[in-house]
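Working notes, beginning with the structure itself.
The values are calculated or read from the model by the stated rules, or taken from the named source; none is laboratory data. All values derive from a computational prediction rather than experimental measurement. Here the Cβ is made from the backbone with ideal geometry for all residues, glycine too, and neighbour counts use every protein chain on show. To get the accessible areas, we keep the full protein, side chains included, count just its heavy atoms, and leave off ligands, DNA and RNA. Shrake-Rupley method; radii C 1.70, N 1.55, O 1.52, S 1.80 Å.
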Amino acid sequence: MTTKITAAELAVQREYMDKVAGINAQRECPPIAHVHSFGCQQNVSDGEKIKGMLAQMGYGFSESPEGADLVLYNTCAVRENAEDRVFGNVGALKKAKKQNPDMLIGVCGCMVQQEHITAKMRRSYPNVDIIFGTHVLHTMPQIIYEALTTRKRQISIPDCDGVIAEGLPLKRESRLKASIPIMYGCNNFCTYCIVPYVRGRERSREPEDILRECRELIECGCKELLLLGQNVNSYGKNIGTSFSELLRRINDIDGEFRISYMTSHPKDATRELVDTIASCEKVTRHFHLPVQSGSNRILKLMNRGYTREHYLELIDYVKGKLPDVALTSDIIVGFPGENYEDFRETISLIEQVRYDSLFTFIYSPRNGTKAAQMPDPVSAEEKGKWFRELLDVQQNIGCSSYKDYVGKTLRVLCEGEGRTDPSLLTGKSRQNIIVDFDGSKELIGSFADVEITEALAWALRGKIK
Ligand code: SAH
Ligand code: SF4
Ligand code: F3S
């Protein structure tokens with residue numbers, strides 16, 4: 001069941017923010033926090049809440065942990081390498097903590113929502129002062145207050161799945177583009193995935209709360225709203241609304257801006273949704289539709305809830321309705337029991353769909369998931385070979401699909417100076433493709449029509465129309 005955190009509970013946390021701000025105000029100079037969020041956009045969005053609360057508590061921010069008074073890692077558990085990086089980073093702070101024993105080190109987010117990880121942190125990482133899970137993010141002010149005043153380790157990983165906290169302060173990463181979580185958690189239990197275990201059950205925010213946030217952002221000059229959920233297509237199921245309805249209502253807000261979304265699950269992406277996207281002029285022409293595998297046998301073992309044929313029909317429908325769409329996907333190579341024939345089915349699907357780009361991962365066993373119990377006879381070396389084969393195939397497809405844009409005019413949201421060449425401007429097209437072009441700096445923060453003159457490996461080049 002979903003419960004909104006009450007105003008009274010939030011008021012308690014506000015009091016803690018004031019108390020910490022009071023402590024920090026007595027210092028000669030304001031304390032500095034280094035906050036790093038790993039993982040997906042949802043986690044980055046949580047990071048914005050963390051920073052928002054810390055700013056109210058009087059913290060300034062630094063890009064590096066060196067010299068920081070508080071280092072907080074907002075972690076991801078989706079693959080082993082994400083977890084290894086956090087252990088490495090925390091271990092590397094040993095020396096800094098010795099030099100500055102007052103420094104607080106915290107670890108929060110998905111990774112510590114797993115018991116075996118918290119046990120390892122308790123046991124082997126005595127320099128970590130603060131550990132809190134994904135469900136108690138809104139109690140961070142209290143946790144920090146206790147850590148500062150008692151100097152005792154604070155560990156808060158209660159099993160209280162299902163809460164939604166509205167009205168927390170936010171420090172957004174960008175003025176132009178805003179992430180807006182529309183739902184939390186996941187109910188799908190794909191057999192390889194840890195997310196449902198660390199993020200809890202699916203719960204949707206009230207549409208009115210989302211719309212208010214969107215309107216405020218647009219009024220403040222925001223030009224792109226990124227709607228976030230692990231499976232946005234099932235938004236609103238238990239509260240009498242739907243993702244299509246939400247898109248239509250956001251699309252009706254006045255002004256020129258874009259609406260993008262992450263992530264669509266192919267089993268819940270209906271034709272009605274595709275029709276809605278086609279009819280909403282502000283919704284991006286970028287469909288990220290993770291397929292994971294092209295083999296029906298593997299899709300079944302993954303518990304994805306669709307077949308290769310269903311997926312390809314959906315793609316055909318999308319291409320028919322949205323001729324200018326860019327398609328991207330996630331692929332897992334080396335799922336337990338996958339053989340070379342299954343892998344070739346994935347390659348043939350990729351060749352058929354012709355994605356603009358792909359996010360590719362080698363399967364990583366996750367503690368407590370069903371797939372981690374399945375026999376996995378293929379060696380890491382063999383999986384590595386398949387992975388490289390996949391990258392080669394996609395590189396050729398990606399390059400040729402970008403060439404199709406040459407000569408076309410794309411509406412580009414101009415985000416800033418070019419990354420490699422600051423004399424250029426850079427932005428993103430409605431297909432979410434990077435476009436570099438000549439133009440005056442005054443265009444930054446607005447939309448422009450750009451004629452594409454050249455296709456590069458990861459971007460397009462163009463000139464203002
Ligand atoms: N909710 C989204 C994705 C969440 S995780 C969806 O359903 O598409 C992002 C991606 O990480 C997944 O799409 C998948 O490709 C990959 N992933 C998840 N668990 C993984 C694992 N155990 N090993 C390798 N890749 C994994
Ligand atoms: Fe993980 Fe599947 Fe949920 Fe995506 S839909 S978060 S892959 S369980
Ligand atoms: Fe990672 Fe948690 Fe996102 S596990 S992918 S940060 S929901």
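Summing -39500 (n - 2.57) over the DSSP H runs of n ≥ 4 in the chain and dividing by its residue number, what mean residue ellipticity at 222 nm do you reach, to the nearest 500 deg cm²/dmol? So the calculated ellipticity at 222 nm is -11500 deg cm²/dmol.
Sequentially through region 423-437, phi angles give Karplus couplings (6.51, -1.76, 1.60; θ = phi - 60°) of 6, 9, 9, 10, x, 10, 7, 5, 8, 6, 9, 5, 10, 9, 7 Hz, Gly and Pro residues having no value and appearing as x. Site pair residue 447 and residue 251 shows an inter-label distance of 1.4 nm when each label is modelled 7 Å from Cα along Cα→Cβ. Residue by residue, region 354-361 carries 3J(HN,Hα) couplings of 6, 5, 6, 7, 9, 9, 10, 9 Hz when phi is fed to the Karplus relation 6.51 cos²θ - 1.76 cosθ + 1.60 (θ = phi - 60°); x denotes Gly or Pro. Each peptide in 441-453, 293-305 receives the mean, over its residues, of other Cβ atoms within 10 Å, and ordering these scores from highest gives 293-305, 441-453.
Taking the average, over residues, of other Cβ atoms within 10 Å as the packing measure, peptides 37-47, 234-244 rank 37-47, 234-244 from highest down.
Centre-to-centre, using Cα atoms only, region 88-146 and region 327-342 are separated by 35 Å. Between region 1-77 and region 211-244, what is the separation of their alpha carbon centroids in Å? Computed from Cα coordinates, the inter-centre distance equals 24 Å.
Around the Cα centre of region 174-284, unit charges on the Cβ atoms of Lys, Arg, Asp and Glu (plus for the first two, minus for the last two) sum to a dipole of about 400 debye.
First select every other residue whose beta carbon is under 14 angstrom from the beta carbon of residue 376; then total the charges, Lys and Arg +1, Asp and Glu -1. Numbers along the way, then the final one.
Numbers: positive: 366, 370, 383; negative: 80, 338, 342, 381, 382.
For residues surrounding residue 376, the net value is -2.
For residue 391, project a label point 7 Å along Cα to C-beta. Then give me every residue of region 324-359 with its amide nitrogen under 14 Å of that point. Counting backbone N atoms under 14 Å from the label point, the list is 333, 358-359. 3J(HN,Hα) along region 136-146, derived from phi through the Karplus expression 6.51 cos²θ - 1.76 cosθ + 1.60 where θ = phi - 60°, amounts to 10, 3, 5, 9, 3, x, 5, 4, 5, 4, 4 Hz, with x in place of Gly and Pro. DSSP assigns beta bridges within region 174-284; of those with both partners inside it, close to 15 percent run antiparallel. Annotation: the antiparallel percentage among DSSP beta bridges lying fully within the chain is about 30. Taking amide H as placed 1.01 Å from N in the peptide plane, the amide H of residue 61 sits under 5 Å from that of 33, each at least 5 places away or on another chain.
Excluding residue 153 itself, calculate the net charge of residues whose Cβ lies under 14 Å from the Cβ of residue 153, where each Lys or Arg counts +1 and each Asp or Glu counts -1.
Working: positive: 97, 122, 123, 151, 152; negative: 129, 146.
Cβ neighbours under 14 Å give a net charge of +3.
Mean projected area of the Cα convex hull of the chain, taken over all directions, amounts to 22.9 nm². As a fraction of the 1.4 Å probe accessible area of region 285-404, surface on carbon and sulfur atoms comes out at 51 percent.
How large is the dipole of region 250-298 about the Cα centre if only Lys and Arg carry +1 and Asp and Glu carry -1, each at its Cβ, rounded to the nearest 20 debye?
Charge dipole of region 250-298: 420 debye, to the nearest 20.
Applying both filters, DSSP loop and at most 12 other Cβ atoms within 10 Å, to the trypsin sites (Lys or Arg not before Pro) of region 391-438 gives 419.
May I ask you to list the lysines whose Cα is less than 17 Å away from that of residue 97, ignoring any residue fewer than eight positions away on the same chain? Filter leaves 152. Here the accessible area is traced with a 1.4 Å probe on the protein chains. For region 3-163, carbon and sulfur cover 50 percent of it.
Taking amide H as placed 1.01 Å from N in the peptide plane, residue 333 has its amide H under 5 Å from the amide H of 361, 362, 363, each at least 5 places away in sequence or on another chain.
Skip the ligands, DNA and RNA, and give the accessible area per residue of the chain with a 1.4 Å probe, whole Å². Please list the in-between numbers first.
Numbers: 20760 Å² over 465 residues.
For the chain, the per-residue accessible area is 45 Å².
Magnitude of the charge dipole for the chain, about its Cα centre and with charges confined to Cβ atoms of Lys, Arg (+1) and Asp, Glu (-1), is about 780 debye. Taking amide H atoms as placed 1.01 Å from N in the peptide plane, the amide H of residue 72 lies under 5 Å from those of 34, 35, 36, 106, each 5 or more residues away in sequence or on another chain.
A simple spin-label model places the labels of residue 367 and residue 278 4.8 nm from each other, with each point 7 Å out along Cα-to-Cβ. If the segment from residue 379 to residue 187 were pulled out straight at 0.36 nm per residue, it would be longer than the present Cα-Cα gap by 66.0 nm.
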